[in-house]
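The values are calculated or read from the model by the stated rules, or taken from the named source; none is laboratory data. From a predicted model like this one, the values you see are computed outputs, not experimental measurements. Using ideal geometry, Cβ is built from the backbone for each residue, glycine included, and neighbour counts are taken over all protein chains shown. The area values use the complete protein model at the heavy-atom level, side chains included, leaving out ligands, DNA and RNA. Shrake-Rupley method; radii C 1.70, N 1.55, O 1.52, S 1.80 Å.
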Amino acid sequence: WVALGTALAVGFLFKYTIVLLVPGLLLYVLIRRRRLHLHARWKRWALAATAVALAGVAPVVIWNAQHDWATVRHLLGHVAMPGGDVSTSDGWWRWDPMWTVVLIASQVAMLGGNLFLALYSTGTALARRRTEPHAWPGRAFLICCAAPILLFYLVVTLFAPGEANWPMAGFVTLLALCGWGVVEAMDRFRHMMVVWKSLPDEPRPWWGVVRRKPELHRQMAWHATVVIGVVAGAASLRLDWAAPSINRIVSTAANVAGRVGIGPGKADSVIPLGRFMNAPTVAADVDQHLEELRERTRRQPFVISQHYGRASQLAFYLVGRPTVYCSSSLENGRRTQYDLWSDTDLSDIEQLGGRCAVLVGGSEEQWARVFRRVESIGILAGEHKPDREAYLGFGYRGFGRED
């Protein structure tokens, strides 16, 4: 009990998704309530576990109470609900069926054969819960831990578009179920191969799905998973070599989908592989512009990015890892952690006033309200977004200031 409470406490400090493990545990208790063998003093231990778990929740709650419930507003903003950090002027419920379709499709793309194995193994476990009662408790536990997470993020797509990685925690326990399914399927597959090979050579019967040799759905999914995993792992080592082929495949698939009416059909619909490998190139270009500004102004320039993702990349890859600022919330965007750190405070005119900067993203008109003079430098080298221009700003005045 105490170990469970500790896991929930530590897990919450890393990722709030672990809260969804609690309804999974309660679901398991509900299903197994007549067969659970609990400690005679389980209520005391459960209370201790709750106390330990709340100890992990407390720092987050206290911090949020001190900062206008920033995390709560951010999470509500994801689904554009009242009280969130995203405007709800168009109404907070405006479901687009493609949000749900895209999330499901993204799981298929990311998990491949693993998703099939998870679904197949889950279905098999449910079907055999009475014929294999000795194995059902463990299988039920794995399913119950995953179900609330997957269901929650599916429901989220009724209110807002989801990200492909959000439901990933739900597959942590299902992958164990996949392992059981693979072992069982491969044992059966090997036995069938022995029997099939013992039959007369000509003509051997057709025992497979796409081949004459014996095949099982789970065995095929497992072999496909291994092949895809090896290929994807090797390709990820040299994305610069793999990128052209990958994007040609994606573009072709997008065109085919467009012809049958299930997608935009844009020939330029490609995976933004630059997000994986181009940050050092972008940072090198920014470094060059920073050096030019030093020579032109004889002052130390700084960097502002309109998006927190690019800001964090530049902060890591720029020479000397200087402080990089993010202007998202100051330009009607979402609040980020950059708004809460004192050393990334763009309102510090005493420190930043009058200095020049490299500006990433936004428009020249936006930056002209913040700097006395702005020069466009076009698209940075390695930038994967064709509409994300960069600028040089001279004489920082601050946001919301006219002087």
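Screening the range 1-45 for residues that are among the aromatic types (Phe, Trp, Tyr), outside any loop (DSSP other than H, G, I, E, B) and free of Cβ contacts under 8 Å to residues at least 60 places away in the same chain and picking the one that is surrounded by the most Cβ atoms within 10 Å (Cβ to Cβ) gives Phe12.
Take His67 and tell me if it is out of contact with any helix residue (DSSP H, G or I) (no Cβ under 9 Å at 6 or more places or on another chain), modelled with pLDDT under 95 and surrounded by 12 or more Cβ atoms within 10 Å (Cβ to Cβ). So His67 fits the description; yes.
Yes/no per residue for (1) under 11 Å from Cys178 (Cα atoms); (2) of a type in the set (Val, Ile, Thr); (3) assigned to a helix (DSSP H, G or I):
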| position | (1), (2), (3) |
| --- | --- |
| Ser106 | no, no, yes |
| Leu115 | yes, no, yes |
| Ala118 | yes, no, yes |
| Glu132 | no, no, no |
| Phe141 | no, no, yes |
| Cys145 | no, no, yes |
| Leu151 | no, no, yes |
| Leu154 | no, no, yes |
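For Pro167, the requirement of being in a loop (DSSP other than H, G, I, E, B) and of a type outside the set (Phe, Trp, Tyr) is not met. Take Val370 and tell me if it is under 31 Å from the mean Cα position of the chain (by Cα) and of a type outside the set (D, E, K, R). Against the criterion (under 31 Å from the mean Cα position of the chain (by Cα) and of a type outside the set (D, E, K, R)), Val370 does not qualify.
Restricting attention to the range 112-136, the residues that are open to solvent by 30 Å² or more (accessible area, probe 1.4 Å), touching a helix residue (DSSP H, G or I) at 6+ places or on another chain (Cβ under 9 Å) and over 26 Å from Gly233 (Cβ atoms) total 6. Among residues that are out of contact with any strand residue (DSSP E or B) (no Cβ under 8 Å at 6 or more places or on another chain), exposed (fewer than 13 other Cβ atoms within 10 Å of the Cβ) and modelled with pLDDT of 80 or more, Ala234 is included. Here Ala311 meets each of (1) free of Cβ contacts under 8 Å to residues at least 60 places away in the same chain; (2) farther than 15 Å from Glu383 by Cα; (3) assigned to a helix (DSSP H, G or I) with one exception, condition (2).
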